[in-house]
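The values are calculated or read from the model by the stated rules, or taken from the named source; none is laboratory data. Predicted model, so just to flag it, every value in this text is computed and none were measured. Heads up, the Cβs are rebuilt from the backbone with ideal geometry, glycines too, and the neighbour counts pull from every protein chain shown. Just the protein is used for accessible areas: all its heavy atoms, side chains included, with ligands, DNA and RNA removed. Shrake-Rupley method; radii C 1.70, N 1.55, O 1.52, S 1.80 Å.
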Amino acid sequence: MKPISENNKSVQNYTIYDVIISGAGPVGLFLACELALANCSVLILEKAEDPHSPLKQMPFGIRGLSALTIEALYRRGLLNELEIHKRIKNPHQNAKQGAQRQVGHFAGIPFIEGNVDTSQWQYRLPGSAETGLISEMAELETVLIRRAQLLGVEIKRGFAVTGFHQTADGVTVESDGQSFQSKWLVGCDGSRSAVRKAGGFEFAGTEPEFTGYTALVDIADPEKLKPGRNVTPRGMYMQSQPGYMAIQDFDCGAFHGSGKPVTLEHLQEVLRRISDTDVTLSTLHIATTWTDRARQATAYRNGRVLLAGDAAHIHAPLGGQGLNLGLGDAMNLGWKLAATVQNKAPDGLLDTYYTERHPVGVQVLNWSRAQVAIMKPDPDAQALYAIMGDLINTRDGATYIAGRVWGINTHYNIAGSHPLTGRSVPDFEFEDGNRIGGLMHDGRGLLLDFDGNTPLKTVAEEYGNRLTCVSGRAKEQFGLSAVLIRPDGIIAWASDNEPDYAELRKAANLWFVGNKA
């Protein structure tokens, strides 16, 4: 870690925050909202002075939200503030509709709506949260900034974290010649995370296979390029909107690593080579590069310092899972860190952030690597690509891919015998019209009593305001009698029969502290 010297401190801030977050992107903002919802004081330090950027706006800033992200936003009352998905249902130009509508892809191989067998997802209910939505980075940040400010989060822009020093009791953070005090520090500051580097976290993984380009251009002869996503013997190019290009050039990330600016001449050369055309680009408006470098922190915590989002893991943006992975980190970490700050956490609660989220990160990185492996311009990869295309065009294949891409198959390894344990709670609709999503706006845990088991309310009362008992029948409850739900919407315990109260208390004690603790 980089220590803070008395000589380089020009200003000392004496406010002691519960948590300082480095980075005001969607992950940092969502985490701040979760902490503030639990009455923690939060300061966000963001190095960029201006939150606005054309790369956050459409078409560059377009992002697909997975089922788990949609559910998280819905459970906090944020989903209805997103507007772009109401105007844009499918970003693919010339896309077919109905059963033939493309609803995602793996390595550029589309899977269609008609092949996805939702009946295989036994415990998923149709409800307010969809399986996938189109959003925009700028819109999502605007919504989260508004909520964070309403909850009392302080955001300082133009403040890059340059170092920190932690003790057994707190963290002193250095930024812009000033020092700030907090009990905890969380790095949500992206792939080049200063917190990760200063904290000495190991960032293990693999080097890139390609340089990716995203650009907005004017094309003199657009008819020479095929619409949509095209994997060629030399790479990949895609047009999702007129003039909006994405290109993959398998140069082992050489151009991206060179630091050279993307010129019109260079982009045209790359596009011509990969598309095998003599297409002419007349104007380059804006361009950026990226790679499939895949790395993950081997630990998400060092003392009082934690990592989330791209600070903890990076990978190719194929399939758009990076944002969803980071927001999942925030939803998992927020309530656990808040309970720890307030001395309301059972032993080991904060450690479950790593044990639950690191394996999910491993899965996403491997998912990304697998896509890159079959997109390489060599005969072996092309053979695998063809076979994967056949599999994805089957009902089981499309359903499996959709379950992974949309996050529906995500499962935490939590102790419990019921198959729902460790999964996202279905959006139960009660006979009075209430739904689970609407009951979780306050960020507390829930104990659902479907069968009028009076002792369940007594159990909930043992955990004070950390657990709310909800009694009533649901329109569809899968034969369940009772369900314990964590603040992040994950099922911690479930019973189909008369509840075993000893087992319920055992499960509850893993996640909540009772009044007598």
Got a sec? What order do Thr468, Thr291 fall in by accessible area at 1.4 Å, biggest, i.e. largest, first?
Thr468, Thr291
Once the dipole of the chain is set up from charges on Cβ (+1 Lys and Arg, -1 Asp and Glu), the residue from the list Gly25, Gln342, Pro59 lying farthest towards its positive end is Gln342
Among the trypsin sites (Lys or Arg not before Pro) in the range 413-517, which ones are in a DSSP loop with at most 16 other Cβ atoms within 10 Å of the Cβ? Mind listing them?
Arg473, Lys475, Lys516
Listed here are the pairs Lys47/Lys156; Lys344/Lys506; Lys156/Lys344; Lys56/Lys156; Lys47/Lys260; which of them are more than 18 Å apart at the Cα?
Lys156/Lys344; Lys56/Lys156; Lys47/Lys260
Give a residue-ordered list of calculated ³J(HN,Hα) values for the range 27-32 (Karplus: 6.51 cos²θ - 1.76 cosθ + 1.60, θ = phi - 60°; whole Hz; x for Gly, Pro).
5, x, 5, 5, 4, 4
Carbon plus sulfur, as percent of the 1.4 Å-probe accessible area of the chain, comes to 50
Largest-first semi-axes in Å of the equivalent ellipsoid built from the Cα gyration tensor of the chain are 39, 31, 19
Phi-derived 3J(HN,Hα) across the range 272-278 with the Karplus relation (6.51, -1.76, 1.60, θ = phi - 60°), rounded Hz, x for Gly and Pro, is 4, 5, 6, 7, 6, 9, 10
Between Val186 and residues 5 or more places away or on another chain, which pairs have amide H atoms under 5 Å apart, with H built 1.01 Å from N, and which residues are they?
Ile20, Ile21, Ser22, Leu306
Which is farthest toward the positive dipole end of the range 113-253 among Leu216, Ser119, Gly170, measuring Cα position about the Cα centre, with Cβ charges +1 (Lys, Arg) and -1 (Asp, Glu)?
Gly170
Taking the Cα centre of the chain as origin and charging only Cβ (+1 Lys, Arg; -1 Asp, Glu), how large is the dipole, in debye to the nearest 20?
400
Solvent-accessible area per residue, Å², over the range 144-230 with all protein chains present [probe radius 1.4 Å]
42
Along the range 329-335, what does the Karplus equation 6.51 cos²θ - 1.76 cosθ + 1.60 (θ = phi - 60°) give for ³J(HN,Hα), rounded to whole Hz, x for Gly and Pro?
4, 4, 5, 6, 7, x, 5
For the chain, calculate the relative contact order in percent as a whole number, restricting contacts to Cα pairs under 8 Å that are 6 or more residues apart.
18
Check: the range 282-345 dipole with +1 on Lys, Arg Cβ and -1 on Asp, Glu Cβ, in debye
320
Placing +1 on each Lys and Arg Cβ and -1 on each Asp and Glu Cβ in the range 411-488, then taking the dipole about the Cα centre, the residue among Thr454, Phe430, Gly464 whose Cα reaches farthest towards the positive end is Gly464
Largest first, what is the accessible-area ranking of Glu154, Glu136 with a 1.4 Å probe?
Glu154, Glu136
